[in-house]
Amino acid sequence: MSNKRNKSSAINIKLAPTDENLPAPVLLSPATRGSTSAVSPRKIALVAPMIPFQMTYPDGVALSTETVSLLSNKSKKRKAITFDEVTLSDQSVEFHPNDVLLHSHITRNIILKGCGIMSAAMDTVTEKELALAMAKMGGMGILHRNLSPEEQAAELSWVRRKIHYGGMVDSPISFAPDVYYSAFQRSLAAKNWPFTSFPVIDHNKKMLGLITRDQLEFVEGTNPTLGEIMLPIDKIVTIPVGCNSEDAYQLMKEKKVKKLPVVTKDGRLAGLYVWNDVKNDQRKREQFSLDDEGHFLVGAAIGVGEEDFKRASLLINAGAKVLVIDSSHGSCKPVKDQILRIKESFDEKCELIAGNIASYESAMYLLDGKFRPDALKVGIGPGSICTTRQVTGHGIPQVTALFEVWKAVQEYGKKTGYYVPIIADGGIRTSGDIVKCIASGANGIMLGSMMAGTVESPGAVVIKDGRKYKTIRGMGSRAAMEARSGSRGRYYRQEGEQHVTEELTSQQAEKMVPEGVEGLVQFKGTVERIMLQLLGGVQAGLAHTGAKDIPTFQNRAKLWVQSFAGVAEGKPHDISDIRD
């Protein structure tokens, strides 16, 4: 059975909205406020034609002859190398790094604008808040599977829907009309809310009016009720349920209002749009990662076996466009069986990334089958919290691992015409490492510890020696495997489907063989800050090779092996009190 897709089935590149192709905003008057025809919900359009992987790379990813020769000679001698052991030679350039485009395939049919960067499926890295932040920066978050299937699907739905509710407060703080101004003041002082606009509603949540800073400034020497001083509903601009942030943006911009209540057709309050939030989303929208339905793009990790097939089904029905079959040893029969189950049942509804692998043979094993993955994820043991190489004695340093998998993809593609992107997972510490991954054959990048220290990550904040840190743990750590069954499944620590439970007995816990550790990473700020630094560094890296895009860079980049003296020379040295 063919595994090829209709080229229009997964369109994922979006353009920023423009005035000429947006419908005129509609102001609801008191007479039309309950009408269902005043503003009709519309699907986010403005979708650019998607370029499939094989149109960008007709013959697969073409690396430079210099890079292929260098890495091939290393492989022939059974010598494996990683990021610090290689460097790139500079080439002439006649453009600014800001002109470099970082669009890159993470699967055969999905492109990310942010250099194919994804956050790892770790329970101290990617949950809904971080996944949303990644999508807003042109990347994508992969929700971890140490959640129940229902929790994971709910988080995925939450992220996807946020594009239609960007800037909307789902449950705005509201007051009843008979609340006295003095009681209102006490609430403001006690709660210390950073905002000063509040809807006024009755006991049925019917919208009656709005209290803003303007009304509060004119209260002098009296103690009126909020119903007496509020701006009444007939003087308020509102928008109906079903409209999205684009509609809200256009309406608020035209009517010059900073608060826009969302009301049902019978007048009940359903939410509140805030101008600054809506404006910020619109300003950054050009870089958002969106799926073919106009929702934020978010992926999820699954395991193998029937139980995880049920998880996959739940996630796909919740709108998942990308699933990652996540295993510490990806070239195994259970992974191939899971690919078969999902492809037979859902085929074009979802893209599958399979891993982890680190060798030519493992890549060939996963590609050679009735159904094939849409991308391969590479990395056994390079992660900062992973101890797989110490525990099992297996794993290839990342540059060589990427190249070996690239060779397999190229060879398989030449025979069958089926090429897939490669995702580098683990060991990446800097934007320079990302550049070296791309030069070695990768299209996608997965980051764990680099994202664990962000505001949006779910790890706990720890203060140590006056500095902020966040917790991080490998999914193969004892703590992660004892916490939920998702981690145990990744590292084959279940005793059989009939024994799978979330809680472990003391005897079961003793049998755990950890392949990871837990620790602290320095607090780094927001995902936006980290992504801006990484993307700027990668743009500069591509410009050093004279390439305006990733395919051109891969074809031009020339890797060199460097000595450890060269490594030391390329880092800050001969100074004290080094600061980031």
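For the stretch 515-577, I need the span (max minus min coordinate) of the C-alpha atoms along each principal axis, in Å, sorted largest to smallest.
39, 33, 33
Along Cα→Cβ, 7 Å out, is where each label goes; now give me the distance between the ones at Asp266 and Glu94 in nm to one decimal.
For Asp266 paired with Glu94, the spin-label model returns 6.9 nm.
Taking amide H atoms as placed 1.01 Å from N in the peptide plane, list the residues 5 or more away in sequence, or in a different chain, whose amide H sits under 5 Å from that of Leu447.
Met118, Ser119, Ala120
Defining a contact as two alpha carbons under 8 Å apart and six or more residues distant in sequence, what relative contact order in percent does the stretch 115-201 show?
Numbers: 81 pairs, mean separation 19.8, N = 87.
RCO, the stretch 115-201: 23 percent.
Under the rule of at least 5 residues apart or a separate chain, name every residue whose amide H is placed under 5 Å from the amide H of Gly355.
Ile325, Ser327, Lys377
Can you tell me the relative contact order of the stretch 347-444? Whole percent, Cα pairs under 8 Å, sequence separation 6 or more. Kindly include the intermediate steps, with their values, before the conclusion.
On the way: 158 pairs, mean separation 28.7, N = 98.
Result for the stretch 347-444 is 29 percent.
Once amide H atoms are built 1.01 Å from N in the peptide plane, which residues 5 or more positions from Lys468, or in another chain, come under 5 Å H to H?
Those qualifying (amide H under 5 Å, at least 5 residues apart or on another chain) are Phe523.
³J(HN,Hα) across the stretch 528-533 via Karplus (A = 6.51, B = -1.76, C = 1.60, θ = phi - 60°), whole Hz, x for Gly/Pro?
4, 4, 5, 5, 4, 5
For Ser563 and Leu340 in one chain, what is 0.36 nm times their gap in residues minus the Cα-Cα distance, to one decimal in nm?
Stretched fully, the Ser563-Leu340 segment lengthens by 75.8 nm.
Please work out the average accessible area per residue across the stretch 176-272, using the 1.4 Å probe convention, and give it in Å². Please report the intermediate quantities before stating the final value.
Numbers: 5230 Å² over 97 residues.
Ligands and nucleic acids excluded, the result is 54 Å² per residue.
Report the accessible area of Thr526, computed with a 1.4 Å probe over the heavy atoms of all protein chains in place, in Å² rounded to the nearest 10.
Accessible area, nearest 10 Å²: 60 Å².
With a 10 Å radius around each residue's Cβ, average the other Cβ atoms per peptide and rank 325-335, 59-69, highest first.
Top to bottom by mean Cβ count within 10 Å: 325-335, 59-69.
Measure off, as a whole percent, the carbon and sulfur share of the 1.4 Å-probe accessible area of the stretch 356-427, all protein chains present.
52 percent
Taking only protein heavy atoms and a 1.4 Å probe, what accessible area per residue, in Å², does the stretch 312-377 have with all protein chains in place?
On the way: 2010 Å² over 66 residues.
Heavy-atom SASA per residue in the stretch 312-377 reads 30 Å².
If you roll a 1.4 Å probe over the stretch 130-236 with all protein chains in place, what percent of the accessible area is carbon or sulfur?
52 percent
Take the residue pairs Lys377/Lys571; Lys128/Lys256; Lys136/Lys464; Lys136/Lys349 and return only those whose Cα atoms are more than 27 Å apart. Intermediate results must be reported in sequence, preceding the final value.
Values: Lys377/Lys571 29 Å; Lys128/Lys256 32 Å; Lys136/Lys464 31 Å; Lys136/Lys349 23 Å.
Cα-Cα > 27 Å for Lys377/Lys571; Lys128/Lys256; Lys136/Lys464; rest within.
If you plug each phi of the stretch 120-137 into the Karplus form 6.51 cos²θ - 1.76 cosθ + 1.60 with θ = phi - 60°, what whole-Hz ³J(HN,Hα) values come out, in order, with x for Gly and Pro?
6, 7, 10, 6, 10, 10, 10, 10, 4, 5, 6, 4, 5, 5, 5, 4, 6, 10
Per residue, how much space in cubic angstrom lies within the convex hull of the C-alpha atoms of the stretch 180-303?
Enclosed volume per residue, from the Cα hull, is 182 Å³.
Counting only protein heavy atoms and using a 1.4 Å probe, what share of the accessible area of the stretch 521-580 belongs to carbon plus sulfur, as a whole percent?
Heavy-atom surface of the stretch 521-580 belonging to carbon and sulfur, 1.4 Å probe: 55 percent.
How far is it, in nm, from the label point at Ala460 to the one at Asp574 when both lie 7 Å from their Cα along the line to the Cβ?
4.6 nm
Compute the signed sum of charges (Lys and Arg +1, Asp and Glu -1) over the other residues within less than 11 Å, Cβ to Cβ, of Gly227.
Overall, the nearby charge balance is -3.
May I ask you to evaluate 6.51 cos²θ - 1.76 cosθ + 1.60, the Karplus curve with θ = phi - 60°, for each residue of the stretch 445-459 and list the ³J(HN,Hα) values in order in whole Hz, giving x for glycine and proline?
With the stated coefficients, the stretch 445-459 comes to 10, 10, 10, x, 4, 5, 9, 5, x, 8, 4, 7, 6, x, x Hz.
The values are calculated or read from the model by the stated rules, or taken from the named source; none is laboratory data. Fair warning: this is a prediction, and the values are worked out from it, not measured in the lab. A quick note on method: Cβ atoms are made from the backbone with ideal geometry, for glycine too, and the neighbour counts reach across all protein chains shown. All accessible areas refer to the heavy atoms of the entire protein, side chains included, with ligands and DNA or RNA removed. Shrake-Rupley method; radii C 1.70, N 1.55, O 1.52, S 1.80 Å.
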